Structure formats: structure tokens, C-alpha cells
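Below is one structure, written out as C-alpha cells; the observations come after it.
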Amino acid sequence: MSFDIHTVIADMGSAVKNTVEDNWDEARSVTIQFLQNRKERIALMAQLRISGELSKEKFKRRLEDEKLILEAELNALAVISKAIAQNAANAAIGVLEKAVKAATGTVL
Amino acid sequence: MKSLNRNTAKTGLFLFISLIFLFSCRVTLLPEYNAEISKNIENTAKLVDKFYLLMSETTSEENSGRSYDRFAEMYVEIEVEINSLLNQNKIRPLNENSTRICEITLELWQKYKEEHKTDNTLSNGLIRLNRKVFADLFFAMQVAEEGNKLVNNPPE
């Protein structure tokens, strides 16, 4: 029965790192898309303000709405972050589980 | 020798208890991906897109062509769909992020509907802006639902 806690912790760290790296591109591309969408909305709002289609009051209200849209986008990013965290935590638990199984020779 | 056996037994017991815990220990932060909700988000997004495109392409502000009454039925139909999405999200456990996105979408839908009702018209520019706002919100909604798909199956 061998159970080297230092090796297991190092392996758990590697599992977390690999999982986060695997999912990082998804979070990155979505963030870039959200920023691009925001840029397009603000540009359109500015254009409508200049042309007079948006009054000063409406323009202010639309800027307030932008806060809500940002909140929605942050909630979407939170889901991706949680997915990464869940995968990372379960990968680490998986490594620990495997090490304990190997040490005890138990078949679950 | 006796002490060595006792230590081995203790380690064995520790590992055995760890196994019992690990067997049932999985971190769950998100609900499972739901293909039906994903489809409903797509369909509602298309409905909203069609609503604004039709308004833009087939009507004009002249002669009260965009008075609220002409679009009231569609506003209601779409609000029903967004409400339904909100309810589908609300009943899922661990789903507060998607629920909040739906609440914001509904809040802005009702707000812009009221704006149209008050002004009794909608300019081409505002149609473009509203269409963009909802396209972006439904995109965020879809990102959140697809995010649930990122969750790997726990290791066997």
C-alpha cells in the first residue's frame, strides 16, 4: 500500500491546470464577442443621439440599460467560470480518488 | 513491530474512509445542459428578430404606420415566450445566472414595449437599436446554456 501525498497533491495541481487551460479559450472568445457587441451598441446609440433620434433623456435611459446588459453578460461568463471550476475540482478529486484506490487496491 | 502494524491499520482505515467520502463527493455548481431550453432560446431570438425586421421593412412612421396597436399582439406573443423561458430557467436548481439573464431580457422587453406605447411610434434607428439589444441578450442567454455543456462527465 503506497500513498505519497506530495505526488498526489502535485498531480491534483496538474489536473486543475490542464482543465482550466482546456476551457480558457471558450471564456476568452465569449468575452471578446461581448466586448464587440457592446462597441456596436454604443456606436449605434451615439449615432442616434447625433441624428436626434434619441433624445437626451432617452440616451441617458439607454446608458442605464447598458448596465443591465453588462450584468446579463457577466452572468453568462459566470456560468463558464463555474463550469471551469467544476471541471477543475472534479479533475482534482478524480486524481485523489485514483490514488486512494491504487493505494488500497479496492475496486469500486 | 506491533506499532508498525497499528500505523498500517490506521493508514488503511484513513484511506478506506477517504474512499467512502470520495465515492459520493463531486462538485456540482451548474445544472445539466438542456437542449430543449437551448432550442426555445433560439426560437424566441428568431421571433424577436423577425418582429423588428418586419416592422422595419414593411412599415414606416408615416400615417401612424407604426402605431402601437398594430404590433400589440406580437408584443404579447413574444412576452409570453420570454416569460416561459424565465419559468423554465427558474425551476432548474443551480441556475441563478441564466434566470437573471432572462429577468433582464423580460425587463427590457417590457420597458421598450411601454416606450413604443407612450410614443405610439418607433423610428428606424430605435428599431435597429432594440433589435441589437435583444440579439445580444439572447446571445448571452445561449452562452449561459451552452456553458452548462462545458461541464465534463465526472471521472469514472
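No value in this document is a laboratory result; all are computed from the given coordinates. Please read these numbers as outputs of a predicted model, since none were measured by experiment. Ideal geometry is used to build each Cβ from the backbone, glycine not excepted, and the neighbour counts take in all protein chains shown.
Points to keep in mind about this one:
- About its Cα centre, the dipole of region A:5-103 is roughly 400 debye, where the only charges are +1 on Lys and Arg Cβ and -1 on Asp and Glu Cβ.
- The ratio of the alpha-carbon radius of gyration of region B:72-145 to the globular-protein estimate 2.2 N^0.38 Å is 1.17.
- Relative to its Kirkwood radius, the Cα radius of gyration of the protein assembly as shown gives an Rg/Rh of 1.20.
- In nm, spacing of pseudo-spin labels at A:Lys56 and B:Asp49 (7 Å Cα→C-beta vector): 3.8
- Taking θ as phi - 60° and the Karplus parameters 6.51, -1.76 and 1.60, the scalar couplings of region A:85-99 work out to 4, 5, 4, 5, 4, 6, 5, 5, 5, x, 5, 4, 4, 4, 5 Hz in sequence order, x denoting glycine and proline.
- Debye equation applied to the C-alpha atoms of chain A, log10 I(q)/I(0) at 0.19 Å⁻¹: -0.95
- The simple Förster model, with R0 at 45 Å and r as the Cβ-Cβ distance, assigns B:Asn83 and B:Arg6 a FRET efficiency of 0.10.
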